[in-house]
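Just below is one structure, and these are the notes that go with it.
Values in this text are rule-based calculations from the coordinates and carry no lab data. This structure is a prediction, so every number in the text was calculated from the model and none was measured. Virtual Cβ from ideal backbone geometry, glycine too; neighbours counted across all protein chains shown.
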Amino acid sequence: MTHPPSADPPIQASESRSRGPQTLEAAPPGSQTPGVQRLGDRRHFRLAMPPVSGTLRLRLVTVCLTLTAATFVAFCWLLSVGDYPITLPEVVQALAGYGDAGTMVVVRELRLPRAAAGLLVGLAFGISGALFQTMARNPMASPDVIGLIQGSGTAVVASIMLGWTGGLATQTIGLAGALATAVIVYLLAWKRGTTGYRIILVGIGVSWMCTSATDYLIARGGQFQAQAAVGWLVGNLNGRDWGQVVPLALACAVLVPVALLLGRLLRTLQLGDDVAAGLGTPVQLTRLGLMLTGVGLIAFGTAASGPIAFVALAAPQIAQRLAGTAWPPTLASGLTGALVVLVSDVVAARLIPGGELPVGIVTGVLGAPVLLWLLIRANRAGSGG
């Protein structure tokens, strides 16, 4: 995360002008690298061109690089799984554009859309969960707890059961349902502004209302309609194609950089609304921007794969403990979510010979212990009620 550099002491400014244009400004006395200050696990840097400064946390950088490598391995592993077995070196060759023609067709045409969907869905869910948990200062404030995923599911099930598609695809209906639920939660939580605590309480209530409506629609629907609805509700990557991947990829290309840029303002919100406002942060505007960004990520992700359970809840908490930070790190949370979805999809494809489970079943089994652990930890800390 970068931010505008603070004003330099006059002597440093004069020295910098006397030496002419350069990439790094002179380091303070005692530092080993020009433009870099060391403080424990952190490295503070300051650049003259472009004029930015920031802090690098070595452990966080190491965790992100490790997660990136592990995610790439899981991505290739998923591409190698199927009725036509392919080795990992052959998968890498096919991705690079050379190798056996049959292998390239299987990897790039048949399996790549599914793997790309899993990668992007996990990235979107992990980042969205990190935004909501940090904004609300509560590890329980994830999109699948405050009703956004449930609202998307209710909209899709209603369109299947009642035939109210209006010519729209399932992905579009799911996106509209998530956005509508977010608006309802935000408006109901508004009282001279919103707080993370009210958003959680209102979101939990809206979540149960959406779940009840979904159960009612499934109960009154026909057998085939109910099967189609349940198949989407558990979260599934089977049969994904580029028509479902491309909109999610475009959304991630826009919203992920926005989420990273909002990181500094997000951290000031952790100090409390009064302190954040005193530091010059537009609290309500920042919270609205963070909420819209998180809703957009979770809505496009859910529209592409269905409501994959517990990824948005568990991934930020796993990333926070790996990085050793006081809040869920945004990028590391997204990489953790991508890794969890890809590995879970491999398990779903391999668990039952001759058949494939929906990935949402596997993430639900893995995520339930994380939820129980968070509740137990909250109770031990005296905040669990």
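So here's what we get for this one:
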quantity	calculated
Förster radius 56 Å - calculated FRET efficiency between TRP373 and VAL246, Cβ distance, rounded to 0.05	0.90
Residues with amide H under 5 Å from that of LEU56, placed H, sequence gap 5 or more	ARG43, HIS44, PHE45
Likely footprinting exposure, VAL61, VAL81, VAL156, fewest C-beta neighbours within 10 Å first	VAL61, VAL81, VAL156
Largest-first principal axis extents of the Cα set of segment 171-257 (Å)	46, 39, 16
Virtual spin-label span in nm between ALA169 and ALA253, 7 Å along Cα→Cβ	1.6 nm
Packing rank of 122-133, 222-233, 259-270, where each peptide gets the mean count of other beta carbons within 10 Å, highest leading	122-133, 259-270, 222-233
Full-stretch length increase - ALA326, LYS191 - with 0.36 nm per residue and alpha-carbon distance subtracted	45.7 nm
Extension gain (nm, one decimal) between THR66 and LEU88, 0.36 nm per residue minus Cα-Cα	6.1 nm
